[in-house]
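Below is one structure; the comments refer to it alone.
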Amino acid sequence: MRYVTLDEAKPNMMLAYRVYDSFGHILVNNDTMLTEQSISKLKEYGLDGVYITDSLSDDICIEPVITPELRNEGLECVREGNIEKCQEISKEIVKQILNNDMLSLDLTDLRTYDDYTYAHSINVAVLCCIIAFGMKMGEKDMEQVVTAAVLHDLGKLEIPDEILNKPGRLTKEEYEVMKTHSTISYELIKDRWDVSAQVKAAVLYHHENVDGSGYPSGLTGEELTILTKILHVADVYDALTAKRPYKEPYSPFEACEYLMGACGIMFEKSVVESLMKYVPLYPKGTLVTLSNNNEAIIYENIGIHNLRPIVRLMTGELLDLSLPETYNITILRKSDDKFDPIASEDERRKMLGTPQKKYRIMVVDDMASNLHAMREMLKNLYDVVPLKDGYKAISQIKDHVWPDLIIMDIDMPKLNGIDTARIINEFTGGKIPVLYVTALCDKQTVMMCHSMKAAGYIVKPYNPVFVKSEIRRILRGRSDTE
Ligand SMILES: [Fe+2]
């Protein structure tokens, strides 16, 4: 079997893996042919793609980590908010994963728009269990973190649908409502004797960042338990790789880049590293293009690093990329690469109903090389205005050339980034969001950014995927990681 996106799917392709709706009803069964109608029905349900089988892929078998029955049961418990059953399911998830001798996250989850919160909770539970396993935790601790994952977003069921599933920008007020979900989840379990304090803490604090910039309490890494940190990483990884009404899914590769780029800011590094042991950057059954221009399907991932898989060429020939004679062939990209930045930005604008507007971003940095790098990275997506010092930025703003966002280097001679932003804020009433860039990631710098009501900050050397996601998050008023 192999994965095709619904844009590539064609009538008469044979479905290899059945697709369920959020109630566990079968939408399209396996071993049936796709038709025009079934493809458009699946698109309406918000699926990104399906598994098909053909002569090139009929011996590629991709096993789910937990059985579809258990997954559906889990969805049901979360939907009902049945906490007792959620705990039973959590134990069963751990049992199935421990009994699975080939732990692999190759199978792309086939989920629909309407079941996002339920499917997300179960996915996060599976990811938590695998991270905990990778960190050599015992079964009891695994059960605790999986339980926290199944329960962590129960509060979202109380967030009004028009906010939860809004296809575009959340207003500031809506985002504040959205942020209450972790506290609501906690309220639902806080008085239960059968839910441990560890689980309660992980649920309440699953949006806290290790640098203290998260919510609801702004706790830092030292104050957060390891279970909370695991839940946070798993939660964000699954949110990034999901297709949502307002964004395309990140590939596993992109999501890993994001997680790595946010270590020490949002996440604990050891937790991210544990997840990366099990995430196949190129999942089995996906189509890729090789550096010799051949198209190929990922046939098998060997070992735990997954960078040198065995691939099958369109001629049927197998190539083991871990062998010395093929080691110089590299995987250039996924053939259905959705991360064409221009196309995705266009689509995002369409969704937001602002077809022509190109956001203007002012970048203030005293180093010409940094300005150049930032401009190259962003020029296809935004109008970039690079400026060498804070005085120039202030004078542009005073001339009423207001950008939609300022990316501000903190460490500049003469007038530093914080003082520059303070003067700009006084002039604009704080209306322009500021994303700070700093070489330091210490508590004092973080506190300084907070006191300036920073829209965010990035640590040098920065990771391009993380920077772009942060910019999108700020401009859109909602996060890819929600
Ligand atoms: Fe959440």
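Before moving on, here are some points about what is shown:
- For Leu47, the residues whose amide H sits under 5 Å from its own are Tyr113, ignoring neighbours fewer than 5 places away on the same chain, with H placed 1.01 Å from N.
- For a paramagnetic label modelled on Lys431 (point 7 Å from Cα along Cα→Cβ), amide N atoms under 17 Å away belong, within the stretch 379-410, to 394-406.
- Ordering Ser40, Ser57 by the number of other Cβ atoms within 10 Å of each residue's own Cβ, fewest first, gives Ser40, Ser57.
- For Val28, the residues 5 or more places off, or on other chains, whose built amide H falls under 5 Å of its own are Val19.
- Once the Cβ-Cβ distance of Asp21 and Ser55 is raised to the sixth power relative to R0 = 30 Å, the FRET efficiency obtained is 0.50.
- Calculated from backbone phi, Karplus (6.51, -1.76, 1.60) coupling profile of the stretch 228-236 in Hz, x at Gly/Pro: 5, 5, 5, 4, 4, 5, 4, 4, 5
- Coupling constants for the stretch 437-450 follow from the phi torsions by the Karplus curve (6.51 cos²θ - 1.76 cosθ + 1.60, θ = phi - 60°), and in residue order they are 10, 9, 8, 9, 10, 8, 4, 4, 5, 4, 5, 4, 4, 4 Hz; glycine and proline get x.
- For Asn165 and Lys85, the FRET efficiency from 1/(1 + (r/R0)^6), where r spans their Cβ atoms and R0 equals 30 Å, is about 0.75.
- Using distinct alpha-carbon pairs, which all enter the 1/r mean, Kirkwood radius of the stretch 216-282 in Å: 12.5
- Spin-label model distance (nm) - Asp383 vs Lys277, 7 Å beyond Cα toward Cβ: 5.0
- Ranked Leu415, Leu154, criterion: other C-beta atoms within 10 Å, fewest first: Leu415, Leu154
- Percent of beta bridges antiparallel (DSSP, the stretch 341-476, rounded to nearest 5): 0
- Too-long pairs where the Cα-Cα distance tops 20 Å, listed order kept, from Lys179/Lys453; Lys140/Lys200; Lys91/Lys140; Lys243/Lys468; Lys358/Lys453; Lys379/Lys431: Lys358/Lys453; Lys379/Lys431
- For His207, His25, His152, order by how many other beta-carbon atoms lie within 10 Å, fewest first: His25, His207, His152
- When the chain is reduced to its Cα atoms, the Kirkwood hydrodynamic radius in Å: 23.8
- DSSP bridge orientation in the chain - percent antiparallel, rounded to nearest 5: 55
- Cα-only Debye scattering, the stretch 1-117: base-10 log of I(q)/I(0) at q = 0.13 Å⁻¹: -0.56
- Rounded to the nearest 0.05, the FRET efficiency derived from the C-beta distance between Lys10 and Asp194 at R0 = 51 Å is 0.50.
- Shape summary of the stretch 362-482, radius of gyration then Dmax from alpha carbon positions: 13.3, 39 Å.
Every read-out reported here was derived from the displayed coordinates using simple, explicitly stated rules and does not represent laboratory data. From a predicted model like this one, the values you see are computed outputs, not experimental measurements. Positions of Cβ are generated from backbone atoms using ideal geometry, with glycine treated the same way; all protein chains shown enter the neighbour counts.
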